[in-house]
Amino acid sequence: MRPDAPVQPVPDRIPTTATDQILGVRLALIDYERTLEWIDAMATEREQGYVCVCNVHTVMASQEDPELRSALTGSSLNVPDGQPLVWALNALGHSLSNRVYGPELMARACARAASSGQRFYLYGGRDQEALVQLAHNLRQRYPGIRIVGGYSPPHRPLTEEEQTAVVAEIRQRRGLKPEPYDASYYSG
């Protein structure tokens, strides 16, 4: 694969970004604005994909963890969250000015979505209670944000039935406009 090739092919309507490798992990040469443009384009085109926010630990752990490595190689976009990764990419001849810090990326995505109407389905987290609290906090901080549901999976591999149920839940919630603190939208 060429250093400027995306991790996974994307349709022509989705902005592409150059990448380079650190220890075999492709990292996008990207900033916040271009990452948000990519996310918006994926949502607009209803394309499936995911972003991995990578720090040094992620890259190092992927050397010994085949599942993590598979997640990184299967992602649509890996952004450099850790400043040392930015320094390493710049040492390879690139000119990134800063990292794409995960919490800041989420904050910017939420602010943008609150004004654009883009919907969110929250997936992951410590437990369902924490996910409900996150949804509440996001609605307080970003009035108008549309969170249509969420699920905090158990900390183990999902069964095939659980995976099917999660996919069905996300598809069902695609067009819903939930009431702001209705915990039923977060039950698994």
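Take the conditions among the basic types (K, R) and modelled with pLDDT of 90 or more and apply them to R108. Does it pass?
Details: among the basic types (K, R): yes; modelled with pLDDT of 90 or more: yes.
So R108 fits the description; yes.
Quickly run through the stretch 102-136 and pick out the residues that are in a helix (DSSP H, G or I) and touching a residue at least 60 places away in the same chain (Cβ under 8 Å). Write out each step before concluding.
Quick first cut of the stretch 102-136, residues in a helix (DSSP H, G or I) only: 102-116, 128-136.
Answer for the stretch 102-136, where residues must be in a helix (DSSP H, G or I) and touching a residue at least 60 places away in the same chain (Cβ under 8 Å): E104, L105, R108, A109, R112, S116, Q128.
Looking at E33, E45, can you tell me which residue is farther than 25 Å from I170 by Cβ, surrounded by fewer than 16 Cβ atoms within 10 Å (Cβ to Cβ) and among the charged types (D, E, K, R)?
Numbers: E45 fails: farther than 25 Å from I170 by Cβ.
So the residue among E33, E45 that is farther than 25 Å from I170 by Cβ, surrounded by fewer than 16 Cβ atoms within 10 Å (Cβ to Cβ) and among the charged types (D, E, K, R) is E33.
Answer yes or no as to whether L96 is farther than 26 Å from P154 by Cβ, in contact (Cβ under 8 Å) with a residue 60 or more places away in the chain and assigned by TED's automatic domain parsing to the domain that holds G24. Can you show your working first?
Numbers: farther than 26 Å from P154 by Cβ: yes; in contact (Cβ under 8 Å) with a residue 60 or more places away in the chain: yes; assigned by TED's automatic domain parsing to the domain that holds G24: no.
In short, no.
For the stretch 71-78, check the following and say yes or no: at least one residue is β-branched (V, I, T) and assigned by TED's automatic domain parsing to the domain that holds G24. Steps first, please.
Quick first cut of the stretch 71-78, residues β-branched (V, I, T) only: 73.
Checking the rest, the ones that are also assigned by TED's automatic domain parsing to the domain that holds G24 come to 73.
Checked against the condition, which is being β-branched (V, I, T) and assigned by TED's automatic domain parsing to the domain that holds G24, the stretch 71-78 yields at least one hit.
Is it the case that the stretch 60-72 has a residue that's at pLDDT 95 or above and crowded, with 19+ Cβ neighbours inside 10 Å?
Scanning the stretch 60-72 turns up at least one residue that is at pLDDT 95 or above and crowded, with 19+ Cβ neighbours inside 10 Å.
If we keep just the residues of the stretch 33-59 that are in a helix (DSSP H, G or I) and β-branched (V, I, T), which is nearest to L85 (Cα to Cα)? Please lay out each step first, then the result.
First, the residues of the stretch 33-59 that are in a helix (DSSP H, G or I): 33-44, 56-59.
If we keep only those that are β-branched (V, I, T) too, we end up with 35, 39, 44, 56, 58-59.
Details: T35: 17, I39: 22, T44: 30, V56: 6, T58: 11, V59: 9 Å.
That would be V56.
Looking only at the stretch 60-87, count every residue that is part of a helix (DSSP H, G or I) and charged (D, E, K, R) and tell me the total. Quick ask: steps written out before the conclusion?
So the first thing to find is which residues in the stretch 60-87 are part of a helix (DSSP H, G or I), and the list is 60-61, 66-74, 83-87.
Now restrict to residues that are charged (D, E, K, R): 67, 69.
Total meeting the criteria: 2.
Sort through Q133, Q118, Q128, Q140 and tell me the only one that's within 18 Å of the chain's Cα centre (by Cα) and farther than 18 Å from D20 by Cα. Full working, then the answer.
Numbers: Q133 fails: within 18 Å of the chain's Cα centre (by Cα); Q128 fails: within 18 Å of the chain's Cα centre (by Cα); Q140 fails: within 18 Å of the chain's Cα centre (by Cα).
The conditions single out Q118.
May I ask you to list the residues in the stretch 88-101 that are at pLDDT below 95 and outside any loop (DSSP other than H, G, I, E, B)?
none
Looking at (1) under 19 Å from I22 (Cα atoms); (2) of a type in the set (S, T, Y); (3) within 14 Å of the chain's Cα centre (by Cα), can you tell me which one Y123 breaks?
Among (1) under 19 Å from I22 (Cα atoms); (2) of a type in the set (S, T, Y); (3) within 14 Å of the chain's Cα centre (by Cα), the lone unmet condition for Y123 is (1).
The values are calculated or read from the model by the stated rules, or taken from the named source; none is laboratory data. Just so it is clear, the structure is predicted and the values come from calculations on it, not from any experiment. Every residue, glycine as well, gets a Cβ built from its backbone with ideal geometry; the counts of neighbours run over all protein chains shown.
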